[in-house]
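Single-structure report; data block below.
The values are calculated or read from the model by the stated rules, or taken from the named source; none is laboratory data. Keep in mind that what you see is a predicted model, and the values were worked out from it rather than measured. With ideal geometry, Cβ positions are generated from the backbone for all residues, glycine too; neighbour counts draw on all protein chains shown. Areas reflect the complete protein model, heavy atoms only, side chains present, ligands, DNA and RNA absent. Shrake-Rupley method; radii C 1.70, N 1.55, O 1.52, S 1.80 Å.
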Amino acid sequence: MRIAILWILCPCTLLAVLSGLVSTAYITQQQEDLERKVNNLDLNEVVTDVQNYLKHLKNGSISDDRNFNSDFQLFDPSTNMPGHRYMGTGLSTMVDLLQLGKVAYEFENSVFGATSCTFCKAAFMFLKFYMDRDMELVEVVSDGKMLCKGIMVVSLRVCIGLVHMFSKEVMMVVKRSSHTPEQMCGFMFGEACENPHNPDHEWTPLVPPTGSHPSNRSGRSSERGSISILHLSDTHWDPLYRVGSNAECGEPLCCREDSGEVKSKMDRAGYWGDFRKCDTPLRTIEAMYRHIAATHPTLDMIYWTGDLPAHDIWNQTKEGNKE
């Protein structure tokens, strides 16, 4: 009866809801189909496609003005972005998946699936292409930055910053390792990569012999037989946090002066912080410490296990973090 009455009162609303449900189901199905396609890719073909695509970028076949269409409902590679036809089947399929944000979501939320595993193996195979040919780091960095301009999955400054910051370390690790891309990605993502067996990852941890107990230096809790410990972690202080800035900037870290235009009131960063892609302002951390001191004066010890800097890893230096 209620449904019938509601239909009489607002049929347009019901039609809109039903249409939205159908549209959502269609998009979800398209995403699942694309994920299956990616997970069945020949990664050697993807690496070959990347190198061919770089040749087109270098010889000017593709315009420098290249931007993805932001409408994620466009799944047709031929209409998805300018120059898509230069990519080849393997690379274009991988790019389509990256556009959906699936890999970024899994990395940001530490919930890894087969999609992240496939992307990981492709990335390591891309690096191996250069190492097998004894190419210099400068050429790897140059090609990486060129791909940032040609395949805009994240903002250009974030992509170039990541290439600049981590190329040397990643290349050094991959060059010195005897592990295959499957083994390296399996170690990082475990079951998502079917966790291939690697004897180098099997070891016996060194544990102190039983019967030894650490001494209680404070002496506060010896009578009650227990101690009180506070564990602090992942404070992520952002010195560039700004109240009222854009919390929906489309980058891995927002709520900063350079996070772009605020398009609605709902997008403004809060005074104490924000639950979106933002880190912590200093006032919030200081308020937390004051609260701890006032409400837990009898703590025996505090474990502060780090992860302190903001998440703008594409824009950090060792010197800056020490500062």
What tally of residues in region 289-307 results from selecting those that are charged (D, E, K, R), open to solvent by 30 Å² or more (accessible area, probe 1.4 Å) and in contact (Cβ under 8 Å) with a residue 40 or more places away in the chain?
1
Testing D300 on (1) touching a Lys or Arg at 6+ places or on another chain (Cβ under 9 Å); (2) under 16 Å from P252 (Cβ atoms), one condition comes back false. Which one is that?
(2)
Hey, N315 open to solvent by 90 Å² or more (accessible area, probe 1.4 Å), under 25 Å from F166 (Cβ atoms) and either of a type in the set (V, I, T) or within 22 Å of the chain's Cα centre (by Cα) (or both) or not
yes
Looking only at residues that are open to solvent by 60 Å² or more (accessible area, probe 1.4 Å), in a helix (DSSP H, G or I) and closer than 20 Å to V46 by Cβ in region 123-141, which one is modelled with the highest pLDDT?
E139
Of the residues in region 289-323, those that are hydrophobic (A, V, I, L, M, F, W, C) and more than 17 Å from Y241 (Cα to Cα) come to I292, A293, A294, L299, M301, I302, W304
Can you confirm whether region 285-295 contains a residue that is closer than 29 Å to G161 by Cα and either at pLDDT below 95 or of a type outside the set (S, T, Y) (or both)?
yes
What number of residues in region 252-288 are open to solvent by less than 80 Å² (accessible area, probe 1.4 Å) and farther than 20 Å from D307 by Cα?
7
May I ask you to verify whether L230 is open to solvent by 70 Å² or more (accessible area, probe 1.4 Å), modelled with pLDDT of 90 or more and out of contact with any Ser or Thr (no Cβ under 9 Å at 6 or more places or on another chain)?
no
Being of a type in the set (D, E, K, R) and touching a strand residue (DSSP E or B) at 6+ places or on another chain (Cβ under 9 Å) is the filter here, so list the residues in region 284-301 that pass it.
D300
From the list G161, G144, which residue is at pLDDT 80 or above, among the small types (G, A, S), assigned to a helix (DSSP H, G or I) and touching a Ser or Thr at 6+ places or on another chain (Cβ under 8 Å)?
G144
Right, S178: among the hydroxyl-bearing types (S, T, Y) and outside any loop (DSSP other than H, G, I, E, B) or not?
no
Output the residues belonging to region 146-156 that are of a type in the set (A, V, I, L, M) and either over 16 Å from the mean Cα position of the chain (by Cα) or surrounded by 15 or more Cβ atoms within 10 Å (Cβ to Cβ) (or both).
M146, L147, I151, M152, V153, V154
Residues satisfying the stated conditions in region 157-189, i.e. under 22 Å from T118 (Cβ atoms) and open to solvent by 50 Å² or more (accessible area, probe 1.4 Å):
L162, F166, V170, V173, T180, E182, F187, M188
Could you check region 260-317 and list, in sequence order, the residues that are of a type in the set (S, T, Y) and part of a loop (DSSP other than H, G, I, E, B)?
S264, Y271, T298, T305, T317
Given (1) out of contact with any Pro (no Cβ under 8 Å at 6 or more places or on another chain); (2) on the phi < 0 side of the Ramachandran plot; (3) open to solvent by less than 50 Å² (accessible area, probe 1.4 Å), index of the condition A310 fails
(1)
